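Written below as structure tokens is the structure these notes are about.
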């Protein structure tokens, strides 16, 4: 019984010694800082500022690119070629 107590005490000391209170030697990575771009009225200059923050255009090159942005084409809000949608069609 005495040997079991000694073995249990030794195991407890080993577990406690393994738990260290040393601080981590590698600093935590710093997350990227957010940049907020706001505008009202004529926002063209702010849109250009935003694009400059993203980096140079990669011309829409397919696949993952190390830097830059890929502009997404948008449709005009004005309908010029499509006929209006009628709710009276069968």
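For the pair residue 40 and residue 3 in one chain, pulling the backbone fully straight at 0.36 nm per residue adds 5.4 nm over the alpha carbon distance. Between residue 52 and residue 26, the FRET efficiency estimated from the beta carbon spacing at R0 = 25 angstrom works out to 0.15.
Label-to-label distance for residue 62 and residue 14 is 5.9 nm, based on points extended 7 Å past Cα in the beta-carbon direction.
Read-outs throughout are calculated quantities, based only on the coordinates presented, and are distinct from any laboratory measurement. As the structure is a computational prediction, the values presented were derived from the model and not from experiment. Every residue, glycine as well, gets a Cβ built from its backbone with ideal geometry; the counts of neighbours run over all protein chains shown.
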